[in-house]
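Before any comments, here is the structure.
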Amino acid sequence: MNDIIKNSNPLVSVIMSSHNKIDMVQKVVNTFFNQATNPDDIEIIIRIDDEAERSQDWINSIRLCAGVERQMQIIIMSGPQRYGYCSVPDNLTEAARIAKGEFILGSCDDIDGIDGGWDECIRKWTGKCVLLNNIAQSGTHNWDFFVLHRKIFELTETISICEYANYHFSEFETTLPELVRSAGFTIIHQPTA
């Protein structure tokens, strides 16, 4: 029997707002765990809409998709739907408030892949207050996926002050360039929204 993993001090909290079908969400959850060098150091928080009427079976299947031993590393929270896609930063902010990781990685629920060892690229910044960006692929915004140190979130108390988090974080490149570094890994994503 596998031991249930519960890390109260993970390196990374992956946060995402979910609107997609169960098989897509399960694939994303498994991708983050399978491509990590140390999956025990990861927490995944998925924010769903109350109005989505996701059953307890749906929630359980997401929490167990990476194996029974990882169920405590996957948190599913719900809240009001609000304004659809424009509410994603609000949903991510809710997830970030309960995140325990030193770093917060903003993702979506339909990525196609991530480089192996992505967590080690983040680990090298442990103890440093940085904001990491990466280029998902040509044609996407450099900040579609971000990694921020918990201290930045604690200071700002939000993921974004505008409708789209990627444009909020791009302002850091101009105003506080000493905080911005390259994450050193790539997330593969074909936007569907």
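The values are calculated or read from the model by the stated rules, or taken from the named source; none is laboratory data. Please read all numbers here as calculations on a predicted model, not as lab measurements. Virtual Cβ from ideal backbone geometry, glycine too; neighbours counted across all protein chains shown. Quick note on the areas: whole protein, heavy atoms, side chains included, nothing else; ligands and nucleic acids left out. Shrake-Rupley method; radii C 1.70, N 1.55, O 1.52, S 1.80 Å.
A few comments on the model shown:
- Looking only at residues of region 20-30 that are part of a helix (DSSP H, G or I) and in contact with an Asp or Glu (Cβ under 8 Å, 6 or more places away or on another chain), we find that the one that is surrounded by the fewest Cβ atoms within 10 Å (Cβ to Cβ) is 24.
- Condition check for residue 55: hydroxyl-bearing (Ser, Thr, Tyr) and free of Cβ contacts under 8 Å to residues at least 12 places away in the same chain: yes
- Subset tally (residues that are at pLDDT below 95 and touching a strand residue (DSSP E or B) at 6+ places or on another chain (Cβ under 6 Å)) for region 109-122: 5
- Odd one out for residue 107, checked against (1) under 20 Å from residue 151 (Cα atoms); (2) free of Cβ contacts under 8 Å to residues at least 24 places away in the same chain; (3) of a type in the set (Gly, Ala, Ser): (2)
- If the condition is being small (Gly, Ala, Ser) and either at pLDDT 85 or above or open to solvent by 50 Å² or more (accessible area, probe 1.4 Å) (or both), then region 64-105 contributes 66, 67, 78, 95, 96, 99, 101.
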